[in-house]
Amino acid sequence: MDLKLNGKVALVLGASRGLGGAIAKMLAEEGASVIGVARNTSSIDEWSKTLSIKSYKCDLSNSTAVEDLIKFASKEKVSILVNNCGGPPAGPAAGQKNEVWENAFKSMALPMFSITNALLPNMVSQKWGRIVTIGSSGIEQPIPNLALSNGIRGAIAGWSKSLANEVACDGITVNMVLPGRVATDRLRELDQGKANRVGQSLEEVEKEAKLSIPAGRYGKPEEFASVVTFLSSDAASYITGSMIRVDGGLTKGL
Ligand code: NAD
């Protein structure tokens, strides 16, 4: 299938590793010109030796740095935006301080909202745009001890669906993809955190986690990236306002 990504400019947030890194590389392999955003861009600069990717250094939790990114990206004719962010700290909902909620909202949701707003006019003028936001299986089935992630991503899901309704008539699709246990550094860090908390080895925690996944294994970042790449393409033009799970069957509801 020709995804017709040649000539498209894609901006991928949180692109230095994990899901964002796999997406940035796959979009470039499929012909897009990719701008990968991260705090540390050395991995992206390495990939740029063989792929059509350039890096932009930005701490998305710093609003001034996000304003600078917006000024830069507004000149780049971006028509594919992949909204991704670092995961928030683990912890419960009960007793969580306002300040912690505020910081999580500022570093996860607000950069997505403001960067999307800034790039929309170009997509509207081209009558073509793709906005794909990385969520979490926790939106549909809250993950224990990840209350900040479950809560903030719920807000992001409401925003994404609202926006999808507003811009569909301009040829712009807005979707979310929900990872569930895709093997990245972040997942390993969370599993290690649990192992330390409950006094098990990392291997024991992973083995137990895999028992709850019908596929019986963790996903690969490339398996996630291929869905985002498809949603970013011309072929996915009638999919909007959707949330698509890439979780090996982990989410138990319909
Ligand atoms: P990751 O931590 O491995 O990668 C996150 C990326 O975002 C990295 O490139 C990192 O450098 C970048 N980043 C983090 N904070 C940043 C900041 N302030 N400014 C700029 N860049 C920043 O995470 P991942 O596993 O690839 O997951 C991506 C997102 O999906 C995370 O929000 C994660 O919580 C969420 N998620 C992942 C899974 C999974 O199974 N891997 C499951 C549910 C949710």
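The alpha-carbon positions of the stretch 42-100 define a convex hull whose volume is 134 Å³ per residue. Report the Stokes-Einstein translational diffusion coefficient (µm² s⁻¹, integer) for the stretch 144-254, Rh taken as the Kirkwood radius over Cα pairs, at 25 °C with viscosity 0.890 mPa s. So the translational diffusion coefficient is about 155 µm²/s. Note on the stretch 43-100: with charges restricted to the Cβ of Lys and Arg (+1) and Asp and Glu (-1), its dipole about the Cα centre is near 180 debye. Between residue 203 and residue 186, the contour length at 0.36 nm per residue exceeds the Cα-Cα span by 4.6 nm. The mean accessible area for residues of the stretch 75-122, using a 1.4 Å probe and ignoring ligands and nucleic acids, is 48 Å² per residue. Sparsely packed loop sites in the stretch 40-143 (the trypsin sites (Lys or Arg not before Pro) outside DSSP H, G, I, E and B with at most 14 other Cβ atoms within 10 Å) comprise 49, 75, 97, 127.
Length available on full extension from residue 93 to residue 254: 0.36 nm per residue minus the Cα-Cα distance, which gives 55.4 nm.
Counting every C-alpha pair in the stretch 56-210, the share spaced more than 27 angstrom apart comes to 31%.
Of the residues 165, 101, 146, the one whose Cα sits farthest toward the positive end of the charge dipole of the stretch 53-207, with +1 on the Cβ of Lys and Arg and -1 on the Cβ of Asp and Glu, is 165. With just the Cα atoms defining each centre, how far is the stretch 233-254 from the stretch 139-183? Give it in Å. Result: 11 Å between the Cα centres. The modelled label-to-label distance for the pair residue 165/residue 242, using points 7 Å beyond Cα in the direction of Cβ, is 2.0 nm.
By per-residue mean of other Cβ atoms within 10 Å, what is the highest-first order of 169-178, 112-121, 245-254?
On the way: 169-178: 20.7, 112-121: 17.8, 245-254: 15.2.
So the peptides 169-178, 112-121, 245-254, ranked by packing, come out 169-178, 112-121, 245-254.
With K and R counted +1 and D and E -1, the other residues having a Cβ less than 10 Å from that of residue 125 yield a net charge of +1. Rounded to the nearest 20 debye, the dipole magnitude of the chain is 60 debye, with +1 charges on Lys and Arg beta carbons, -1 on Asp and Glu beta carbons, and the Cα centre as origin. Dipole orientation for the stretch 1-120: of the candidates 88, 10, 41, 10 has the Cα lying most toward the positive pole (charges on Cβ; Lys, Arg +1; Asp, Glu -1). Label sites at residue 103 and residue 57, each approximated as a point 7 angstrom past Cα along Cα to Cβ, lie 2.3 nm apart.
For the stretch 137-198, the extents of the C-alpha atoms along the principal axes are 50, 20, 13 Å, listed from largest to smallest.
Set the bar at 28 Å for Cα to Cα. Now go through 161/194; 75/106; 75/127 and name every pair that lies beyond it.
Values: 161/194 33 Å; 75/106 24 Å; 75/127 17 Å.
Violating the 28 Å Cα-Cα cut-off are 161/194.
Taking the Cα atoms of the stretch 1-130, the ratio Rg/Rh between the radius of gyration and the Kirkwood radius comes to 1.01.
When the Cα positions of 221, 205, 241 are compared along the charge dipole of the stretch 140-254, 205 comes out farthest toward the positive end, with charges on each C-beta of Lys, Arg, Asp and Glu. Computed about its Cα centre, the charge dipole of the stretch 89-203 is approximately 40 debye, with only Lys, Arg, Asp and Glu carrying charge at their Cβ.
When only Cα pairs under 8 Å and 6 or more residues apart are kept, what is the percent relative contact order across the stretch 205-254? Please list the in-between numbers first.
On the way: 23 pairs, mean separation 25.6, N = 50.
Relative contact order comes out at 51 percent.
Here is the list for the stretch 196-239: trypsin sites (Lys or Arg not before Pro) lying in DSSP coil, each with at most 13 other C-beta atoms within 10 angstrom of its C-beta, are 217.
The values are calculated or read from the model by the stated rules, or taken from the named source; none is laboratory data. This one's a predicted model, so the numbers in the text were calculated from it and none came from an experiment. Note that we place each Cβ from the backbone using ideal geometry, even for glycine, and neighbour counts take in every protein chain shown. Each accessible area value is taken on the protein alone, full model and side chains, heavy atoms only, with ligands, DNA and RNA left out. Shrake-Rupley method; radii C 1.70, N 1.55, O 1.52, S 1.80 Å.
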